[in-house]
Protein chains: 2
Amino acid sequence: MENNNSPFEENIRKIKVPVFKRFLSNSKLAPLSFEPTGKTLETKNSAAVAKAFTEVVGASSNKLLSGSKTNKKPAKGKRVAVLFSGGPAAGGHNVIAGLKAVLGKNNTLLGVKAGPKGLLEGDLFKITDEAVKHIMNTGGFDFLGSDRTKIKTKDQFQKVKNVCENNKLDAIVIIGGDDSNTNAAVLAEHLYGKVQVIGVPKTIDGDLQVGDLLPVSFGFDTATKIYSEMVGNILQDTPSSRKYWHFIKLMGRAASHVALEVALQTRPPVCLISEEIAQMRSSLGEIIDSIARIVVARAKKKINHGVVLIPEGIVEFIPEMNVLISELNDALSHYDRKEAVSHISAAGAQLFRSLPEYIQKMLLAERDAHGNLQVSLIPTERLIIDMVARRVKEIDPDVKFNTLNHFFGYEGRCGAPSLFDAAYTYNLGLIAGSLILDGRTGYMAALTDLDKGGKALGIPLTGLIHVERRHGKDEMVIEKALVRTDSPAFKFFASRREDWANEDRFTSPGPRQLWGPTAKQVPISVALNQGYKSLKFTL
Amino acid sequence: MENNNSPFEENIRKIKVPVFKRFLSNSKLAPLSFEPTGKTLETKNSAAVAKAFTEVVGASSNKLLSGSKTNKKPAKGKRVAVLFSGGPAAGGHNVIAGLKAVLGKNNTLLGVKAGPKGLLEGDLFKITDEAVKHIMNTGGFDFLGSDRTKIKTKDQFQKVKNVCENNKLDAIVIIGGDDSNTNAAVLAEHLYGKVQVIGVPKTIDGDLQVGDLLPVSFGFDTATKIYSEMVGNILQDTPSSRKYWHFIKLMGRAASHVALEVALQTRPPVCLISEEIAQMRSSLGEIIDSIARIVVARAKKKINHGVVLIPEGIVEFIPEMNVLISELNDALSHYDRKEAVSHISAAGAQLFRSLPEYIQKMLLAERDAHGNLQVSLIPTERLIIDMVARRVKEIDPDVKFNTLNHFFGYEGRCGAPSLFDAAYTYNLGLIAGSLILDGRTGYMAALTDLDKGGKALGIPLTGLIHVERRHGKDEMVIEKALVRTDSPAFKFFASRREDWANEDRFTSPGPRQLWGPTAKQVPISVALNQGYKSLKFTL
């Protein structure tokens, strides 16, 4: 019974993922051609962006492209390179499979090893049909590897140009998140007229979204399905064991899409949403108090258990914590640790004294080379557990409050793709390849209308770029999509959470299924935000 | 699209699990009758056990029962209570469903709330067909709840007797691990002639096994499939991100079955097996050195990543650690913390000094009420990471060694059962009910020959009981089944691990599937140990 692969891997490779019908011409796969739609994308900084990206914006006018017809005269002889950038996400391998399929025998697909760094080093190899069969529907980015190098210096651009020339590249496909797609736009501008550059939207965090043009980045569905199963299992454990409150931190530094989706999938008693906290300007004390009151109210009904979901980046969204940290950064540059707290604002000092001692120590101790505290080092779930425990004791000393904590992160990035991510990414690969064979550059491949057969789009990357203050400098970047408190998904959550806190209302979403009646499920937050009538996708 | 249950839960309830053919009489479900086989079970303490369990051993003679024929005259009017004992495991709800089905309309099934404690308190309710439909194939023990109360005092036995009389009980089914099944035997003896007691083998740890009579306890398959998916995902992450060694602690205090099964499912570079360490009398330094050498050897091949699996209870299996801890316990009862180390053996003192400072502090600081260190408080994975890091630096200071640590535990106990656990537990329920309707007491329900249609057994609990020193007293208990280094599963692992350490050989077992071609998979260690020719079960 020994085999190099698990029975699961042997079988998923054989799954034929659904393909957007327009790609089939006489039941054969063929690339699409694209036409500009009436829609132009813009940000508040579009004028400045047009000046910085003269070539790309000049060619695209930031017009959205729609692909609905077979390309009768697709380009031939193109040499296309593909690379992964940033953290892995499920479905990356299927983007490559889609690219390979649509480029067909008349073009060449090359893989770049180990991300943007591999592009600078010219580490490329030819991708064969055999290799694609092997990676089809599998998780991870291990076929190519990935890294987080940003290509931004003159020297780096020259290196890329040399590599393109040496390898006779006609196009590069960059599979990555918001920053990697910004990088794709920058490269498209620098290589304009020589090498086309197309982006593919990847990130498990879900913060690369564009309204109804880009419902979700790939990898989000698989990651949230993995986390949701784990959270659902733990929720199911709580009334079985009847003694623990589990505090679960979920990956996602910049936005709370992951936490929101997992909450919609599982219905826990408490889920914090960073963006709401920032918008309401909630204090840490208020957040702690609201959790403690739920703990006490449930205890009165003899429910001494529950689950609290915490987005990884929450501390950075609590306004008073940011103020405190920056006041301490300032004070510590003038005074020593013992004196620093007496040189910050009264409100800051009060907040400081309300924190557990080990957090106080951290806030005074660790500074990076620039004199800043690395907020990511604060053990968020421990901080919240300890403060809630203290508050519960203040409200009612008799309440039993036993806690456990978890962090779900890395286990969600490299799982085998859900059927949704498998199909979505294969089709994104087909679209990215079609954009190349249609001669386009500076676009991101997108697929919408997932509930009614799909719609292929080319989103002009420069139409998404705005100016943002980063590390004390203005930079032109694609804006991160945060959770909006006026979105249907958030409103749905907000209208139910009191009920979920009052009684056990959890559901167990179970492990994602590649076969059977539940295989075709899309993320609930995506279905709500896009107004889909069902959770099933149709392509 | 709102619904009280996830689409997954809605659909799994409808799955008809395979049933052992002998239960079908004219395609209707009917209980089995049992016959003694030629096989008698015994331990080294059987004579003493026979004296302590005169009634039960007198009736059973510790003979194994086999159920292969329809019971033509099953008992009627029986009132049967069922309870969960100990930590949850996937499939518990299906045991109840199987019991309910086989008891049928002629008998009554009662649920005991919140485990043995609920039995003492008489917290019982009638289980309806409607309720069973709702819990079918779902995870968790939440339908009844569970607890860890041991019934052992005279007062407790009297309470149970009263509850049995008040509720007119004819039988009790105890769903639990080794200790709970010991408790079932004790209750069977105390209630002999009045109330039958039947045990059902549950534990995710897999340490309740009886050679070819009980291939595995229920819940083990689901838990290890859940952990294996997570470990497989992280393994897949390692060559994608190319920068981390992940140290993963797996639930399972007393035995390493979980770690071994997960290793067989995923093929990581390193998996520690506690029983092997105890048997080889490995020192902590040797264990650390062997991991460090693998890290260095891989780094030489530019593989700066990997996974190390660690069974939760490992520290308790390292002989010299046990010696050190007991020496320190002694020394601390005579000397204060500063002096204690100078009053232990030279070997102990040397080991002590080799440990990271925070572990030294722990070893001196925390003692329970009996003056003993709680070994479970030692942060095993941190200890191993820190010592490996130090050793790697000694061997080759240039080796990159970035680490992350994880603990997979609670998320594996309450997942929806795998198809194996769903079918296995339903059939165990059918067998437990059949034993009751056949008038038996003091048996554990068992199902073997899972690769060729199944075989229903009644294992005399007293035939498994031996005498063990616990907390300084001799106690009669069912022996925990540890990993045997001469078992086919261990030998298979041992013959491959060097290869798995040399190169990335991992496989990703993926999420467990309830539908499709891979749904019927049994644990690999069970298939190997039982000599099954395939990983698929057939019932």
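The values are calculated or read from the model by the stated rules, or taken from the named source; none is laboratory data. Since this is a predicted model, take the numbers as computed values, not measurements. Here the Cβ positions follow ideal geometry from the backbone for every residue, glycine too, while neighbour counts run over all protein chains shown.
With respect to residue B:174, is the statement that it is closer than 30 Å to residue B:411 by Cα, at pLDDT 95 or above and buried (at least 24 other Cβ atoms within 10 Å of the Cβ) true?
Yes: the conditions hold for residue B:174.
Annotation: of all residues in the range A:205-231 being small (Gly, Ala, Ser) and within 14 Å of another protein chain (Cβ to nearest Cβ), the one that is farthest from residue A:479 (Cα to Cα) is A:228.
Listed here are the residues, each with its yes/no results for (1) crowded, with 19+ Cβ neighbours inside 10 Å; (2) aromatic (Phe, Trp, Tyr); (3) under 18 Å from residue A:115 (Cα atoms); (4) touching an Asp or Glu at 6+ places or on another chain (Cβ under 9 Å).
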{"position": "A:146", "(1), (2), (3), (4)": "yes, no, yes, no"}
{"position": "A:154", "(1), (2), (3), (4)": "no, no, no, no"}
{"position": "A:161", "(1), (2), (3), (4)": "no, no, yes, no"}
{"position": "A:180", "(1), (2), (3), (4)": "yes, no, yes, no"}
{"position": "A:196", "(1), (2), (3), (4)": "yes, no, yes, yes"}
{"position": "A:207", "(1), (2), (3), (4)": "yes, no, no, yes"}
{"position": "A:214", "(1), (2), (3), (4)": "yes, no, no, no"}
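If I filter the range B:294-312 for residues that are closer than 20 Å to residue B:356 by Cβ, crowded, with 22+ Cβ neighbours inside 10 Å and at pLDDT below 95, do I get at least one hit? Among the residues of the range B:294-312, at least one is closer than 20 Å to residue B:356 by Cβ, crowded, with 22+ Cβ neighbours inside 10 Å and at pLDDT below 95, which makes the answer yes.
Given the criteria surrounded by fewer than 24 Cβ atoms within 10 Å (Cβ to Cβ) and over 30 Å from residue B:52 (Cα atoms), does residue B:251 qualify? It is true that residue B:251 is surrounded by fewer than 24 Cβ atoms within 10 Å (Cβ to Cβ) and over 30 Å from residue B:52 (Cα atoms).
So residue A:41 clears everything in (1) under 30 Å from residue A:474 (Cβ atoms); (2) surrounded by fewer than 24 Cβ atoms within 10 Å (Cβ to Cβ); (3) more than 24 Å from the chain's Cα centre (by Cα) except one condition, right? Which one? Residue A:41 satisfies all of (1) under 30 Å from residue A:474 (Cβ atoms); (2) surrounded by fewer than 24 Cβ atoms within 10 Å (Cβ to Cβ); (3) more than 24 Å from the chain's Cα centre (by Cα) except (3).
When the residues of the range A:464-486 are filtered to those that are crowded, with 21+ Cβ neighbours inside 10 Å and touching an Asp or Glu at 6+ places or on another chain (Cβ under 6 Å), the one that is nearest to residue A:67 (Cα to Cα) is A:478.
I'm trying to understand the selection: among the residues of the range B:17-29, which are assigned to a helix (DSSP H, G or I) and surrounded by fewer than 14 Cβ atoms within 10 Å (Cβ to Cβ)? The one that is assigned to a helix (DSSP H, G or I) and surrounded by fewer than 14 Cβ atoms within 10 Å (Cβ to Cβ): B:21. Taken together, the criteria exclude residue B:323 from residues that are within 19 Å of residue B:503 (Cα to Cα) and more than 14 Å from chain A (Cβ to nearest Cβ). Scanning the range B:294-304 for residues that are within 16 Å of residue B:403 (Cβ to Cβ), out of contact with any strand residue (DSSP E or B) (no Cβ under 9 Å at 6 or more places or on another chain) and not small (Gly, Ala, Ser) returns B:296, B:303.
Per-residue answers, yes or no, for (1) within 14 Å of another protein chain (Cβ to nearest Cβ); (2) in contact with a Lys or Arg (Cβ under 8 Å, 6 or more places away or on another chain); (3) without any contact (Cβ under 8 Å) to a residue 40 or more places away in the chain; (4) surrounded by 14 or more Cβ atoms within 10 Å (Cβ to Cβ):
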| residue | (1), (2), (3), (4) |
| --- | --- |
| A:6 | yes, no, yes, yes |
| A:12 | yes, no, no, yes |
| A:15 | yes, no, no, yes |
| A:31 | no, no, no, yes |
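The conditions are (1) crowded, with 24+ Cβ neighbours inside 10 Å; (2) touching a strand residue (DSSP E or B) at 6+ places or on another chain (Cβ under 8 Å); (3) hydrophobic (A, V, I, L, M, F, W, C); (4) more than 18 Å from residue A:89 (Cα to Cα), and residue A:428 fails exactly one of them. Which is it? It is condition (4) that residue A:428 fails. Against the definition (at pLDDT 95 or above and outside any helix (DSSP H, G or I)), how does residue B:186 come out, yes or no? Taking the combined requirement at face value, the residue does not satisfy it. If you go through the range A:128-161 and keep only what is β-branched (Val, Ile, Thr), under 27 Å from the mean Cα position of the chain (by Cα) and under 30 Å from residue A:519 (Cβ atoms), you end up with A:132, A:135, A:138. Screening A:48, A:59, A:75 for residues that are over 24 Å from residue A:202 (Cα atoms), in a loop (DSSP other than H, G, I, E, B) and either more than 14 Å from chain B (Cβ to nearest Cβ) or among the β-branched types (Val, Ile, Thr) (or both) leaves exactly one candidate, A:75.
Filtering the range B:304-336 to residues that are closer than 20 Å to residue B:367 by Cα and small (Gly, Ala, Ser) leaves B:313, B:326, B:331, B:333. There is at least one residue in the range A:286-307 that is under 24 Å from the mean Cα position of the chain (by Cα) and hydrophobic (A, V, I, L, M, F, W, C).
When we screen B:361, B:338, B:301 for residues that are farther than 21 Å from residue B:486 by Cα, of a type in the set (Lys, Arg) and in contact (Cβ under 8 Å) with a residue 40 or more places away in the chain, the only hit is B:301. Among the residues of the range A:232-272, just one is of a type in the set (A, V, I, L, M), under 21 Å from residue A:288 (Cβ atoms) and within 10 Å of chain B (Cβ to nearest Cβ), namely A:248. If I ask for residues that are of a type in the set (Gly, Ala, Ser) and free of Cβ contacts under 8 Å to residues at least 60 places away in the same chain, which ones from the range A:364-383 would you list? Residues satisfying the conditions are A:365, A:369, A:371. Of all residues in the range A:404-423, those satisfying the criterion of being within 11 Å of chain B (Cβ to nearest Cβ) and of a type in the set (Phe, Trp, Tyr) are A:407, A:408, A:410.
With respect to the stated conditions, residue A:241 is at pLDDT below 95 and hydroxyl-bearing (Ser, Thr, Tyr). Across the range B:122-144, the number of residues qualifying as without any contact (Cβ under 8 Å) to a residue 40 or more places away in the chain and surrounded by fewer than 18 Cβ atoms within 10 Å (Cβ to Cβ) comes to 6. Taking residue A:317 as the residue in question, decide whether it is of a type outside the set (A, V, I, L, M), out of contact with any strand residue (DSSP E or B) (no Cβ under 7 Å at 6 or more places or on another chain), modelled with pLDDT of 95 or more and surrounded by 15 or more Cβ atoms within 10 Å (Cβ to Cβ). No: the conditions fail for residue A:317. If the condition is being touching a Leu at 6+ places or on another chain (Cβ under 8 Å) and hydroxyl-bearing (Ser, Thr, Tyr), then the range A:216-257 contributes A:217, A:227, A:244, A:256.
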